[in-house]
2 protein chains.
Amino acid sequence: MKPPPAADPDFSPSGPSPAGPEPAGWIITVGDELINGVRVDTNTAWLAERLEEYGVRVTRALSVGDDEAAIGEAVAEALATVPLVIVSGGLGPTADDRTKQALADLFGVPLTRRPEVEEAVVAFFATRGRAASPVNLDQALVPEGFEAAVNPRGTAPGMLRRSGGQLLFVLPGVPGEMKALMRGWVEPVLAAEFAAGLIVRRRWFCTTGIGESDLYDSVGDLAEMAPALSLAYLPSPQGTALYLTARGEDEAAVEAALAAAAEHITRAAGEYLYACGNISLAEYLADLFTREELTLATAESCTGGMIAAELTAVAGASAWFRRGWVTYSDEAKSDDLGVPAELIAEHGAVSEPVARAMATGARQRAQSDWSLAVTGIAGPTGERPGKPIGLTFVACAGPDGVVVRRYLFGGSERRLNRSRARAVALDLLRRMVTGLDPERGGWETPRKS
Amino acid sequence: MKPPPAADPDFSPSGPSPAGPEPAGWIITVGDELINGVRVDTNTAWLAERLEEYGVRVTRALSVGDDEAAIGEAVAEALATVPLVIVSGGLGPTADDRTKQALADLFGVPLTRRPEVEEAVVAFFATRGRAASPVNLDQALVPEGFEAAVNPRGTAPGMLRRSGGQLLFVLPGVPGEMKALMRGWVEPVLAAEFAAGLIVRRRWFCTTGIGESDLYDSVGDLAEMAPALSLAYLPSPQGTALYLTARGEDEAAVEAALAAAAEHITRAAGEYLYACGNISLAEYLADLFTREELTLATAESCTGGMIAAELTAVAGASAWFRRGWVTYSDEAKSDDLGVPAELIAEHGAVSEPVARAMATGARQRAQSDWSLAVTGIAGPTGERPGKPIGLTFVACAGPDGVVVRRYLFGGSERRLNRSRARAVALDLLRRMVTGLDPERGGWETPRKS
């Protein structure tokens, strides 16, 4: 790996030197909406993840408003501190976008018109059957001393100032435009300037049906396996994903460390692991059902269509998703799924026998290979004697019969209870279809074998 | 309003003075996950919105990792610049949480044990049937010179250092704990110290079925009505919300400006406005159906259950939501909704007659007052001659008949097309039930009346 380049000689370095072997970077996002509570800044996390890929360690991220002085101060401070600075935002054509003028002021240079950017702006509007207005054409104005890159998705160009090995990139704030310029223009420069000789390999592992801390007890943090490894735990309502990174300068050593770590994770996560790769459980199931030429029907009460919506969000779902019922009333459960009214009267709509009958009825009526049914009390009200909020029955019917599992989620938050019901239902389906023990998973405490 | 307090005399003010009449603040969020791309920082936007409420203008937001030097530098810089600093994160009990030690180092003070915090930690674990470990008890260690506030949701205390009128608040990073301490402890202090004499009034207005720029053409930016007014446009796939703020030192004048602006917005937004308040369209419909004692059924093809899921997410939906069908196959449309197979064969599943028959069948089978049906081609594949991706038919059936509308969404992004279909369907239902013209809305270009 190259040593980090020296700071810009135009600025006296007053901040700390970057520590460690990796070059340090700052991310600066610009926009009033980012500091007045109107918008959450999602660009920073995306940019940081991409920079990590090239061995750049982000040591500070900051947001400032659409204000020339604030932008200039932030950029000057960053250039005095780190070898790589990425600015995003404030490049639009309207009067409230101030980034270019702030940079021109900071460096004491004029804005100059770039013919290649102007041509691209004219072409951008021409393909949309419109003429570029003077304000649009002014997108071709770039501070002197900056290289400009044409924006494939919009009109604001990317800009780069190089000085003594230090790089200052400026990108639009619109996420699609920012990402296109980052991938197509910034990243090749980073690969050449920062990551030459550095090997970074990453892998995702997706688990479900096990809590983050139980998973950690099994998998550990891997630092003891090799110092070049790191493992991030990313919990979500659908399960915990693991993000493994191996880095070093010797390709064979990095690959060997990665392979050893992957084998350890695969063994330790066991049947809670559903994918080596970054895919959702719905995507995994869609692939499984398509590959095995299986079909599915769903019958939902408390989840109200969330399971069907999640599964049909995957393109091509019509090949295997047959139909879904949202049976919110007792009559719907009887009419549409054939659940006997007496069964509901005797056990209540939230009960083991009703969940079983819903799954059986859905599978039979849809003539599908598999079916999944959920009935529960999502809250915040609706509890009855012996039926607390959070009580949920999930049933899965297949060629070999029906399995019903009972869950009692803590807490009365409706949104959370519905998400949990969806998660345990999808996990039960996965276990049944792939022949795993259906009584495990579902965020029970794992049994030690 | 009070003048902004002077900067902390412990630091030589090197940054810019806060400009304008409002005191300026910085938000500092702490955590490796915020600068390595693992997590999007949502605390900053929430905190900024709350600070605005007390007349504090956030001029910079920044994130640093779990590193004592980085935290100390950021806090020192903030204290040298602005009268209010809020730090969030790095207060957990484990070794990677460094904020308290960073503050102790910065101010050259020891950590001292606070009996009231220790008692609260012991009680926190006692109510959960557990004993606090030594590591948990160390949550009671707070840098000397800081006031400590008990955390009602966790074990990390809030901390406040006052110096020469300058305030430095330190809060946990867990959103629920941060918000509880902000609301219950920080905000009363801000009200007394910063907002005394300042009157701030806000109102939400929610619109649907009209694009942001068309809405802007009607409503404008209100700055010409009164300088004390501001209006933020917040577009989402379901519609554009307007967030109106009036501020000043004279209560009657603020209220008068607010009322005049509210009247203007209500008139200008017209029938695209569905709520004066911040509620979703599903919440509006839930309230309407409950109030009017109406019932609903849904029949979904391309949206795959999203409409039912959105509507049943509102608590109490079982009072008015009868049932939903996800009819992904042709057989499902015929079996469950009684759509004649010949109709599908003649016109295709994505057609005006099939949408109409789906809505009619759903209403009849559910014996509901209203029904809503959607059939479309969500993409990214599946187009046929005369049936491009994005083509969507939405039908709404009620006591006076059925209305079907045809939409052609641009773009082949499945997720987006499904969201758009849900949005126009809910808007059509709103218009039908409330007696508005069903041929308007749905993001058509508004007709000038």
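Summary of computed values
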item: Inter-part distance where segment A:384-429 and segment A:67-89 are each reduced to a Cα centre, Å; result: 51
item: Value of Rg to Rh for chain B (Rh from inverse mean 1/r over Cα pairs, i.e. Kirkwood); result: 1.08
item: Equivalent-ellipsoid semi-axes of segment A:381-449, from the Cα gyration tensor, Å, largest first; result: 24, 14, 11
item: Segment A:330-381 and segment A:285-317: distance between their alpha carbon centers, rounded to Å; result: 18
item: Cα shape, segment B:24-193, gyration tensor, a/c 1.5 rule; result: rounded
item: Between 0 and 90°, nearest 10: helix A:68-79 axis offset from chain A longest Cα axis; result: 90
item: Per-peptide average of other Cβ atoms within 10 Å, ordering B:104-110, A:292-298 highest first; result: A:292-298, B:104-110
item: Tilt relative to chain B, helix B:352-366 - C-alpha long axis, 0 to 90 degrees, to 10; result: 80
item: Options A:ASN136, A:ALA223, A:GLY173, ranked by Cα towards positive dipole end of chain A, top entry (Cβ charges); result: A:ALA223
item: Gyration tensor verdict on segment B:339-437 (Cα atoms; rounded if a/c is under 1.5, prolate if a/b is larger than b/c, oblate otherwise); result: oblate
item: Backbone HN-Hα couplings from phi across segment B:95-106 [Karplus 6.51/-1.76/1.60, Hz, Gly and Pro as x]; result: 5, 7, 9, 10, 4, 4, 5, 4, 5, 4, 5, 4
item: Teacher prompt: B:ALA345 distances to equivalent labels in other copies, 7 Å Cα→Cβ, nm; result: 4.3
item: Peptide A:309-319, shielding by other chains (average Cβ, 10 Å cutoff); result: 6
item: In degrees, nearest ten, helix B:281-291 long axis to first principal axis of chain B (Cα); result: 70
item: Spherically averaged projected area in nm², based on the convex hull that wraps the Cα atoms of the protein assembly as shown; result: 39.2
item: Peptide A:53-62, shielding by other chains (average Cβ, 10 Å cutoff); result: 5
item: Helix-only mean residue ellipticity at 222 nm for chain B, each DSSP H run of n ≥ 4 adding -39500 (n - 2.57), per residue, nearest 500; result: -10500 deg cm²/dmol
item: Label 7 Å beyond Cα on the Cβ vector: B:PRO134 copy-to-copy distances, nm; result: 7.5
item: Cut-off under 5 Å, modelled amide H: who pairs with B:GLY65 long-range; result: B:GLY31
item: Which listed pairs, of A:LYS179/B:LYS179; B:LYS333/B:LYS387; A:LYS333/A:LYS387, have C-alpha distances above 27 Å, in listed order; result: A:LYS179/B:LYS179
item: Charge dipole (chain B, unit charges on Cβ, about Cα centre) - positive-most of B:VAL404, B:ALA315, B:ASN36; result: B:VAL404
item: Candidates per GluC sites (Glu not before Pro) in segment A:177-229, loop by DSSP, up to 10 other Cβ within 10 Å; result: A:GLU224
item: Nm distances between copies for B:GLU255, ranked from closest, using label points 7 Å along Cα→Cβ; result: 7.6
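Every read-out reported here was derived from the displayed coordinates using simple, explicitly stated rules and does not represent laboratory data. The structure displayed is predicted, hence computed values, not measured ones. Cβ atoms come from the backbone with ideal geometry, glycine included; neighbour counts cover every protein chain shown.
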